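Q: So that we are looking at the same thing, I have put the structure below in structure tokens.
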């Protein structure tokens, strides 16, 4: 019986690791504003992506002093590209007054993107932009076509100096399991350790 419990606990640990949500971050800091939107090296927004079994969630957070620009001369608020075309029905947009945009669109010097999210009106906003895309995984993302440079993401901003324009993001830099996944794995390993020590006839207690 103990062997069965040990094997079951180990299986839960491994399955939990295999199904872990993975969080990626990217700094949007490649300035294509005419005359620049801020000092060199400025991060104008931070993108957080979470890759789950159901799809990907996107959260774009403007830096203090930066706003999303909704007067973008046919530039979408946020752009990305996928290997295979998406459908409008795959999008679930949390932030009010935004809509999905699909199809090839040239975004200034960053080249052509085939997906994005855009505001339905004019103005600016400093609120986070949050949405998800069902069935999308990180491996489905690709960089823009024909850009100088080509990038994975762009955002249309009102910069630190009052100028507007597109800011690009380099390929995603980091990936870590979510805190809930770490907790599940730690508990699982503690269970394996407890069962193993009991099998050897020793007690198990927390320090």
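The values are calculated or read from the model by the stated rules, or taken from the named source; none is laboratory data. Note that the coordinates shown come from a computational prediction; the quantities given were computed from them, not determined experimentally. For neighbour counting, all protein chains shown are included, and Cβ atoms are generated from backbone atoms with ideal geometry for every residue, glycine included.
Q: Go over the candidates 116, 109, 38 one by one and state the one that is assigned by TED's automatic domain parsing to the domain that holds residue 164, in contact (Cβ under 8 Å) with a residue 40 or more places away in the chain and part of a loop (DSSP other than H, G, I, E, B).
A: Exactly one residue qualifies, and that residue is 38.
Q: Another question about this same structure. Return yes or no: is residue 126 assigned by TED's automatic domain parsing to the domain that holds residue 44 and surrounded by 20 or more Cβ atoms within 10 Å (Cβ to Cβ)?
A: no
Q: Which count do you get for residues in the range 80-108 that are closer than 24 Å to residue 162 by Cα and either touching a helix residue (DSSP H, G or I) at 6+ places or on another chain (Cβ under 8 Å) or surrounded by fewer than 17 Cβ atoms within 10 Å (Cβ to Cβ) (or both)?
A: 2
Q: Same structure, new question: Determine whether residue 167 is over 14 Å from residue 49 (Cβ atoms) and either surrounded by fewer than 17 Cβ atoms within 10 Å (Cβ to Cβ) or modelled with pLDDT under 95 (or both).
A: Taking the combined requirement at face value, the residue does not satisfy it.
Q: Looking only at the range 41-62, which residues are free of Cβ contacts under 8 Å to residues at least 40 places away in the same chain and either in contact with a helix residue (DSSP H, G or I) (Cβ under 8 Å, 6 or more places away or on another chain) or part of a loop (DSSP other than H, G, I, E, B) (or both)?
A: Answer for the range 41-62, where residues must be free of Cβ contacts under 8 Å to residues at least 40 places away in the same chain and either in contact with a helix residue (DSSP H, G or I) (Cβ under 8 Å, 6 or more places away or on another chain) or part of a loop (DSSP other than H, G, I, E, B) (or both): 41, 43, 52, 53.
Q: Condition first: surrounded by fewer than 20 Cβ atoms within 10 Å (Cβ to Cβ) and more than 18 Å from the chain's Cα centre (by Cα). Now tell me which residues in the range 55-66 satisfy that.
A: 64, 65
Q: Hey, another quick one. Does residue 75 satisfy being crowded, with 20+ Cβ neighbours inside 10 Å, at pLDDT 95 or above and closer than 18 Å to residue 119 by Cβ?
A: Judged against the criteria, residue 75 is not a match.
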